[in-house]
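A short worksheet on the structure shown next.
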Amino acid sequence: MVVQGRGRRARRAGLVGVLWASAELTVTVGVVVLLLVVHQVWWTNRQAAAAAQEQVRSLEQAWDQERARALERASGDDPPSSGVPASSPGPSPPSAPAPVPSEAAAAAAPRPRAEPSGAYAVLRIPRLGLVVPVAQGIDKRAVLDKGYVGQYPGTAGPGAQGNFALAGHRNTHGEPFRYINRLRAGDELIVDMRGRRYTYVVGKVLSETTERDTGVIAPVPRSVVKPEHGYGEPGAYITLTTCTPEYSSKYRLVVWGTLRP
């Protein structure tokens, strides 16, 4: 009987040890998961948002420098070269400065295109206090995870006829489009690009559609899942898309606007 009692105590002690080890493993795994969540939700947000704002400052500084150089050329501050060697007798008459293109000519000129992952414009949404760089493409690693807003390939450029369609994260990685569900008809969506400003006005919101609803980014945007939502005539549109509900990618939230004349 003594031997049997010791065997029971040994088995009980072994079971307690297993349960204790399992509890420790569960706590450790929970801590690791919690740290991963904190990193994903908080730290990546801080990193991406800070980098995006730095990109905005860089773009605006570059545009200011371009504008300053253009003004210098237009005012003739740069001394023109005569093209005559210094030893030649007498100065040559200065050449006339190149004419400044008219507004219509500037609008008709082809606009420079950025690299696929490079920011080329700035989106401002005053109602949300949002200022974010816009890049070409919707690749997660190259564009969206940097805290940028990405332009859908093949859609119209800012200010052009057609649909200037954009995507952005709603949660994590800067989450620029987290609160676009708060936008209402009449709110402004402002796009700055190389000294030019295009102001769109929010017209319609589609609170939920599927990720395969490509009609929302068509040149004349209209949902193919919910055809009662969208537009029916050509125009200059802007589309903002993001995931919904929050912390899920099951559906898409869509905001549409039209270019202010």
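What follows draws every value from the coordinates through simple rules; no lab data is involved. As the structure is a prediction and not an experimental result, all values here were calculated from the model. Virtual Cβ from ideal backbone geometry, glycine too; neighbours counted across all protein chains shown.
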- request: Determine which lysines satisfy two conditions relative to residue 250: a Cα distance under 19 Å, and not lying fewer than 8 residues away in the same chain.
  value: 140, 226
message: Could you derive backbone 3J(HN,Hα) for the range 244-258 from the dihedral phi with the Karplus parameters 6.51, -1.76 and 1.60 (θ = phi - 60°), listing whole Hz in sequence and x where the residue is Gly or Pro?
response: 8, x, 4, 6, 8, 10, 5, 10, 10, 9, 10, 10, 10, x, 10
message: 7 Å from Cα along Cα→Cβ at both residue 194 and residue 246: what's the point-to-point distance in nm?
response: 3.9 nm
message: Please compute the modelled spin-label separation between residue 260 and residue 51, points set 7 Å along Cα→Cβ, answer in nm with one decimal.
response: 3.3 nm
- request: Apply the Karplus parameterisation 6.51 cos²θ - 1.76 cosθ + 1.60, with θ equal to phi minus 60°, to every residue of the range 160-170 and state each ³J(HN,Hα) to the nearest whole Hz, in sequence, with x for glycine and proline.
  value: 8, 5, x, 10, 7, 9, 10, 10, x, 5, 9
- prompt: Hey, fewest Cβ within 10 Å first, where do 146, 140, 250 land in order?
  reply: 250, 140, 146
